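What follows is a short report on a single structure.
The values are calculated or read from the model by the stated rules, or taken from the named source; none is laboratory data. Everything quoted here is computed from the prediction, not taken from an experiment. We place every Cβ from the backbone using ideal geometry, glycine too, and count neighbours over all the protein chains shown.
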Amino acid sequence: MPKTKKESFVFTFLMCSIMVFGMSIWNLVLVGQFSWGHVFAGFLPAFILAFCLDVFLVGPIAKTIAFRLLHHLPQPVKIWQKILVISGTMALFMVTFMSLYGLWMNGVGLSLASYARAFLSNVVMALPLNFLLAGPLARLLLEKLLPYL
């Protein structure tokens, strides 16, 4: 878990990179348009948006909600409980916003039905990706990078 602002910045960078990469592949496969060219062409704009959302909007809101939820758990809160609550809250908020971005980028008309489909198809991948791959990998990489920060 990051302990300083610099570590938080690096962790956010790593998480956004892994999640955008994974979710880009997922969404391209879903719409039958997967190619590495499409993944790499769409990565940078999606990463920039995801990183900005994480730092300036989603992160502060999700962490406020997560810490309120954690306050209601029996104390002391275990590290795995913090990880699940914070990561889960972040993932749900990021799916909420990035699903809109995906619809817009693909020229899909925005309707409640199209948004619900996008949200549901993204949340079923984002949560396992976050908990099982991106989070553990980002924490491992952060730990390896700590001596250089």
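Taking the numbered list (1) over 15 Å from Thr12 (Cα atoms); (2) touching a Ser or Thr at 6+ places or on another chain (Cβ under 9 Å); (3) modelled with pLDDT of 95 or more; (4) not hydroxyl-bearing (Ser, Thr, Tyr) in turn, Val108 passes all entries but (3). With respect to being loosely packed, with under 15 Cβ neighbours inside 10 Å and at pLDDT below 95, Leu73 fits the description. Where helices (runs of 4 or more DSSP H) sit wholly within the range 33-149, those with at least 2 residues that are in contact (Cβ under 8 Å) with a residue 12 or more places away in the chain and touching an Asp or Glu at 6+ places or on another chain (Cβ under 9 Å) occupy 79-105, 135-145. For Lys3, the stated conditions do not hold, so it cannot be described as at pLDDT below 95, of a type in the set (Lys, Arg) and touching a helix residue (DSSP H, G or I) at 6+ places or on another chain (Cβ under 7 Å). Residues that are surrounded by fewer than 17 Cβ atoms within 10 Å (Cβ to Cβ) and of a type in the set (A, V, I, L, M, F, W, C) were ranked within the range 124-140; the one that is nearest to the chain's Cα centre (by Cα) is Leu127.
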